[in-house]
1. With the structure loaded, tell me whether ARG32 is basic (Lys, Arg) and touching a residue at least 24 places away in the same chain (Cβ under 8 Å) or whether it fails that test.
2. Please go through segment 55-112 and pick out each residue that is charged (D, E, K, R), at pLDDT below 95 and touching a helix residue (DSSP H, G or I) at 6+ places or on another chain (Cβ under 9 Å).
3. I need the full set of residues from segment 45-64 which are within 9 Å of the ligand (Cβ to nearest atom) and either of a type in the set (Phe, Trp, Tyr) or assigned to a loop (DSSP other than H, G, I, E, B) (or both), in order please.
4. Given the conditions (1) within 16 Å of the chain's Cα centre (by Cα); (2) under 25 Å from TYR228 (Cβ atoms), and given that PRO86 satisfies all but one, which numbered condition is not satisfied?
5. Condition check: touching a residue at least 60 places away in the same chain (Cβ under 8 Å) and under 21 Å from PHE160 (Cβ atoms). Does SER127 satisfy that?
6. Testing ILE69 on (1) outside any strand (DSSP E or B); (2) more than 12 Å from the ligand (Cβ to nearest atom); (3) surrounded by 19 or more Cβ atoms within 10 Å (Cβ to Cβ), one condition comes back false. Which one is that?
7. Considering LEU198, LEU132, which residue is closer than 19 Å to LYS240 by Cβ, within 11 Å of the ligand (Cβ to nearest atom), buried (at least 18 other Cβ atoms within 10 Å of the Cβ) and of a type outside the set (Val, Ile, Thr)?
8. Look at LEU142 and say whether it is within 17 Å of GLY219 (Cβ to Cβ) and outside any loop (DSSP other than H, G, I, E, B).
Amino acid sequence: MQDKQTQIISMFDSIASTYDVANRAMSLGIDRAWRKEACRLAFLELKKCEDIVIADIACGSGDMITSWIHNAPKDTHIKHIYGYDPSQEMLKVAHEKLHNLSTSTIELIKGEAKALPFEDQSIDILSISFGLRNVLEYKQALDEFVRVLKPGGIVVILEFFKPQNATLLQKLMGFYTSKILPFVGGIISSNLKAYRYLPQSMRDFVSASELEGLMKERGMRTTLLKGYSANVATLYMGVKS
Ligand SMILES: C[S@@+](CC[C@H](N)C(=O)[O-])C[C@H]1O[C@@H](n2cnc3c(N)ncnc32)[C@H](O)[C@@H]1O
């Protein structure tokens, strides 16, 4: 399994330099709105506004970190944001993009989601956007998410889950996701193989309701499970009791 995981991480290394351009073209910029809503709702759900510690897992080029900073309410003080990802090249892009933002607040760390370098109960908000699908040992990662969260802490997962009971519109969107998006991403990155992996990884992953079940088993209380753009993307939000 580690071989396959290493290949996935190398694939992200190879598309890192074109990742942002491909992402914007593929989602037509809509991913920004999904991230924005996720961050706003998480800040609302969190019952504190001082000294907030955020960990963004599979941070990639850092878009979710930017979103956390830009969407923090005025009276909210973020103490620290960790960006965590196993791809050195993605972290390099993140570093270049984020270094003008408040650098003392942001720390980028290399590593896999199955073993987080954070202490038990040390994180207020943990996010992972379009990353969990790539973590082959995702159940171990979910254990880690719950371990590092403080009681009352929030998990935010934005993901392309395995489709379930699709309506006609969802089937059409599924066609767009599985055929057109990989083509657009493949052309921009000159790496068709890497983007063919996207629909395959969705098919191999769990559905949104299965993910919710796994989080419940780990003691998380769901506060939101919402699909966007005919359920192409789903936002899961849960609180640690
Ligand atoms: C589709 S990108 C998402 C990046 C970013 N979160 C975003 O929303 O744009 C997936 C990220 O997952 C990372 N990744 C792959 N395997 C991982 C693992 N085992 N643990 C943590 N992150 C992983 C990749 O390096 C890549 O940066």
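1. yes
2. LYS97
3. Within segment 45-64, ALA58, CYS59, GLY60, SER61, GLY62 qualify.
4. Exception for PRO86: condition (2).
5. yes
6. Failed condition: (3).
7. Being closer than 19 Å to LYS240 by Cβ, within 11 Å of the ligand (Cβ to nearest atom), buried (at least 18 other Cβ atoms within 10 Å of the Cβ) and of a type outside the set (Val, Ile, Thr) holds for just one of LEU198, LEU132, which is LEU132.
8. yes
The values are calculated or read from the model by the stated rules, or taken from the named source; none is laboratory data. As the structure is a computational prediction, the values presented were derived from the model and not from experiment. Don't worry about glycine lacking a Cβ; one is built from the backbone with ideal geometry, like all the others, and counts go over all protein chains shown.
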